[in-house]
Number of protein chains: 2
Amino acid sequence: MEKNKDAEKDIIEAARKVFITKGFSSATTRDIAKEANVNIAMVHYYYRSKENLFDIIFEEAFKTLISSILDATNSNIALFEKIELIIHNYINTLISNPYLPNFIVNEITQNPERIEKKFKDKDIYNKVFKRLSEDIENETIKGTIREINPISLFMNILSMCIFPFLAKPIFKWVFEFGESYYGELLEERKKIITEFVINAIKKC
Amino acid sequence: MEKNKDAEKDIIEAARKVFITKGFSSATTRDIAKEANVNIAMVHYYYRSKENLFDIIFEEAFKTLISSILDATNSNIALFEKIELIIHNYINTLISNPYLPNFIVNEITQNPERIEKKFKDKDIYNKVFKRLSEDIENETIKGTIREINPISLFMNILSMCIFPFLAKPIFKWVFEFGESYYGELLEERKKIITEFVINAIKKC
DNA sequence: AAATAGTTTAATCAAATGATTAACGCGCAA
DNA sequence: TTGCGCGTTAATCATTTGATTAAACTATTT
């Protein structure tokens, strides 16, 4: 048996795959070790505990999802373009990481303390929203859009982007969509959601 | 120790609570037995296996969520009123059963075969959608609404209704909302989503 | 070559957990 | 009262699983 110099990295990659598909409680260290082609003890040798390893994966996943919105929201463009950019960026991120929403939502629901312990700097995320909030207010004053609570708009946009990924198995089942067709549908939603949102808020 | 004639019912209620809050893999038969104030063996005596008991809870939960849309969609009212009714009914159901979306989405994601085995009559759910689809087509022909793919509209409405329940812990954390305030917010969303959708599709 | 430090393995532990069993008890019909 | 059947309990089993240990192996240094 030859030495595997990349054991540490292999374990992280295996953990990412196993945790994200199975969730914390269904995933086992044996799953991860097997996926990484490594002895079980190696997992503990490099990462101490299952919980420890999970925290690494979770934090990484959470930041992937959050940072995707940060960039778009901070850019210096008009509201409608900003909305379009947010939606496009976010759905692109989700297409690249389709299992993340489920993973995040699950684990936070079953262990809300984790997020509070790990991410104490929620101001960063909050600030992102405030920036968008100002943009909305300005357009409202200008009279180009209807009055709308920024939180509602924010929730609506996120909902329409993320939910089809969360409920993918259900929609596929009900509408008898194939995997590739569902992929196309998600791709098309970038444009559809953007138009939907702009129509919803634009004064006419 | 006196006899507990309602053991069978107590177990179901306990199972509902434990499975829905913890999920299948995190829930244990001991949890359920304890919650029901019953010996562990009783759980197996009445329901054979953990899986069996889970299936009962899952099916019940799934039907609760689905049937909530069925009624509203089949009613004989104009499209805009129908949309309003669907949203109101659905959010009411979700307020009464806030943990169901998470439960359903989780379990289906981790075990998609379950839904296919249990609910073979997907035509029923599909038909509901077709009814709504016709309404949309009629209004489009009349020229009262913009052209929109019925599936997209359906997805958008469901997304905006359900996602705030799924992501509740995250939103509460980011925006520092209290439990009761978040409750008010969800209540308000009935009206907000209805207006948002109608503005999005109405021609003007 | 010998020593040292880092890496890897097989074996094992202890706790948790789904499930089963044998015995017990309670109510009721014969 | 006796005996039968359903409900209930405590004890136990077998497996899974997170974690640990001691030994072995490898590479590098001296």
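The charge dipole of the protein assembly as shown, taken about the Cα centre with unit charges on the Cβ atoms of Lys, Arg (+1) and Asp, Glu (-1), comes to about 280 debye, rounded to the nearest 20. The GNM of chain A, with springs linking C-alpha atoms under 10 angstrom apart, assigns the highest mean-square fluctuation among A:Glu60, A:Glu139, A:Glu176 to A:Glu176.
Relative to its residue count, segment B:83-204 spans a Cα convex hull of 121 Å³ per residue.
Counts of other chain beta carbons within 10 angstrom of each beta carbon in peptide A:193-203 average 4. Among the protein heavy atoms of segment A:1-48, carbon and sulfur supply 48% of the accessible surface, probe 1.4 Å, non-protein parts ignored. For segment A:26-38, backbone phi angles converted through the Karplus equation (6.51, -1.76, 1.60; θ = phi - 60°) give residue-by-residue couplings of 7, 6, 10, 4, 5, 3, 5, 4, 5, 4, 8, 6, 8 Hz, Gly and Pro being listed as x. In percent, rounded to a whole number, the relative contact order of segment A:58-201 is 33, using alpha-carbon pairs under 8 Å and six or more apart.
Our summary gives segment A:1-124 a relative contact order of 23 percent, counting only alpha carbon pairs under 8 angstrom and 6 or more residues apart.
Suppose a student asked you for the relative contact order of segment B:1-48, using Cα pairs under 8 Å spaced at least 6 residues apart; what percent would you report? Over segment B:1-48, the number comes to 39 percent. Peptide B:20-30 is shielded by partner chain Cβ atoms: per residue, an average of 2 of them sit within 10 Å of its Cβ. Taking the label point 7 Å along Cα→Cβ, B:Ile124 and its counterparts in the other copies are spaced 4.8 nm apart, in ascending order.
Dividing the convex hull volume of the alpha carbon atoms of segment A:23-65 by its residue count gives 73 Å³ per residue. Nearest 10 degrees, 0 to 90: what angle lies between the long axis of helix A:179-201 and the longest principal axis of chain A (Cα atoms)? Taking Cα atoms only, the helix is inclined about 30 degrees. Considering only A:Val18, A:Val128, A:Val174, the mean-square fluctuation computed in a Gaussian network model of chain A, springs between alpha carbons under 10 angstrom, is largest for A:Val174. Annotation note: trypsin sites (Lys or Arg not before Pro) in segment B:163-204 located in DSSP loop regions with a Cβ neighbour count of at most 13 within 10 Å are B:Lys203.
Within the shell defined by Cβ-Cβ distances under 11 Å, the residues around A:Asn97 carry a net charge of 0, with Lys and Arg each +1 and Asp and Glu each -1. All other residues whose Cβ lies under 14 angstrom from that of A:Lys203 are scored, Lys and Arg at +1 and Asp and Glu at -1, for a net of +1. Across segment B:39-55, coupling constants 3J(HN,Hα) worked out from phi with the 6.51/-1.76/1.60 Karplus curve, θ = phi - 60°, read 5, 4, 4, 5, 4, 6, 4, 8, 10, 6, 8, 4, 4, 4, 4, 4, 4 Hz, and Gly and Pro carry x.
With Cα atoms as the point set, segment A:1-120 shows a radius of gyration and Dmax of 17.1, 60 Å. Plainly put, segment B:157-204 has a radius of gyration that is 1.07 times its Kirkwood radius, both from alpha-carbon atoms, as the Rg/Rh ratio. Per-residue ellipticity at 222 nm from helix content only, as computed over the protein assembly as shown with -39500 (n - 2.57) for each DSSP H run of at least four residues, stands at -25500 deg cm²/dmol.
Between copies, the label points of A:Tyr45, set 7 Å from Cα on the Cα→Cβ line, lie 5.0 nm apart, reported in increasing order to one decimal in nanometres. In order along segment B:114-122, the phi-based Karplus estimate (6.51 cos²θ - 1.76 cosθ + 1.60, θ = phi - 60°) of 3J(HN,Hα) comes to 4, 5, 5, 5, 6, 10, 7, 8, 5 Hz; Gly and Pro are listed as x.
Here's how it looks for A:Lys202: its modeled amide H is under 5 Å from those of A:Arg146, which are all 5 or more places away or on a different chain.
The mean number of partner chain beta-carbon atoms within 10 angstrom of a residue's beta-carbon across peptide A:99-111 is 5.
Dividing the radius of gyration of the alpha carbons in the protein assembly as shown by their Kirkwood radius gives 0.99 for Rg/Rh.
The ellipsoid that matches the Cα gyration tensor of chain B has semi-axes, each √(5λ) in whole angstrom, of 38, 20, 14, with the longest given first. Could you state, as a whole-number percent, how many of the C-alpha pairs of segment B:1-48 are farther apart than 16 Å? That tail contains 29 percent of the Cα-Cα pairs.
The values are calculated or read from the model by the stated rules, or taken from the named source; none is laboratory data. Keep in mind that this is a model prediction, so the values were computed, not measured. Backbone-built Cβ (ideal geometry, glycine too); neighbour counts: all protein chains shown. Ligands, DNA and RNA are stripped out before the accessible areas are found, and what is left, the full protein with its side chains, is counted by its heavy atoms. Shrake-Rupley method; radii C 1.70, N 1.55, O 1.52, S 1.80 Å.
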